[in-house]
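The values are calculated or read from the model by the stated rules, or taken from the named source; none is laboratory data. All values derive from a computational prediction rather than experimental measurement. Methodologically, a virtual Cβ is constructed for each residue, glycine included, from the backbone with ideal geometry; neighbour enumeration extends over all protein chains shown.
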Amino acid sequence: MLRRQSEGNGVERERLAELAGEASAQAAVASTALAALPDLDASLAVPTDLTAAAFFDVDNTMMMGASIFHFARGLAARKYFTTSDLAAFAWQQVKFRVAGKESHDSIRSSREQALSFVAGRSVEQLVQLGEEIYDELMADRIWSGTRALAQMHLDAGQRVWLVTATPVELAQIIARRLGLTGALGTVAESVDGVYTGRLVGDMLHGRAKAHAVRALAAREGLDLRRCTAYSDSINDVPMLSVVGTAVAVNPDAGLRDEARARGWEIRDFRTGRKAARIGVPSVLGAGALAGAVAAGMAYRRRDRS
């Protein structure tokens, strides 16, 4: 009975991961198409290598720390919730991650709470906040080495996409500011420009990233054997495994071992001090910090009572 239930849960998770990947790819293609419409010189920017592309994870790969954590800090500074709420919840999540006791269901519950925070808010409002917070807290945290790798692909006429569990709107801001092609990210459902508080599928994490890359490749006519993927996390092995070339960037211990076993290239742009400094955001980067927004819900409820 328990085995059948476990298998059923696995099938459902895979279905949600695939749905998340498809939704992310659809959003990515739509975003880049809209961005090109007003650009009269867009034809000049068409990549010359149409079947190859590069896919970059964001947290601790392209950016120092977790993008959702920096975003949450920006929201706290704007009194969406208190910094003490943020710190308390962050520490709780660190303990869960370090102890290895955070289950898939607990992560999903945390993220659903975060989604209920944005429910009823406009997409336009969150995008505007994302633009401001990128300038304040993210622009100076881009790894120059990873950025140079992305530029190498652009210079070769290839498209470059970010692939991240962070909300797709924030991911697209980061991609645009870096001059990249676009981004695959978690898609929160919206109706008439207002968030409903539900996900489309699941978070773009783990296997969902692999589904997103495959879906985008099918839409864009990419040959995955000619594509390259970059990540710091063992959780991204599914994405790294679907392309012809995988590169571990600033890898965690699990990915470093996996990369060595598979003969993948390893790039590490950290010094010992930097690695120690970003250790906590790295632990939280798998999406646990999305729950920090949930702390804001509690603050807002308390403030209204």
Name every residue in the stretch 181-211 that is under 29 Å from Ala156 (Cβ atoms) and among the charged types (D, E, K, R), in order of residue number. Arg207, Lys209
If I filter the stretch 84-98 for residues that are of a type in the set (S, T, N, Q), surrounded by 12 or more Cβ atoms within 10 Å (Cβ to Cβ), modelled with pLDDT under 55 and farther than 24 Å from Ser231 by Cβ, do I get at least one hit? yes
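Looking at Leu289, Leu216, Leu240, which one is buried (at least 24 other Cβ atoms within 10 Å of the Cβ), at pLDDT 95 or above, of a type outside the set (Phe, Trp, Tyr) and closer than 30 Å to Gly120 by Cα?
Leu216
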Considering the stretch 1-54 alone, what residues qualify as being at pLDDT below 85, more than 26 Å from Val123 (Cβ to Cβ) and acidic (Asp, Glu)? Glu7, Asp41
The listed residue being at pLDDT below 95 and surrounded by 20 or more Cβ atoms within 10 Å (Cβ to Cβ), out of Ser233, Ser190: Ser233
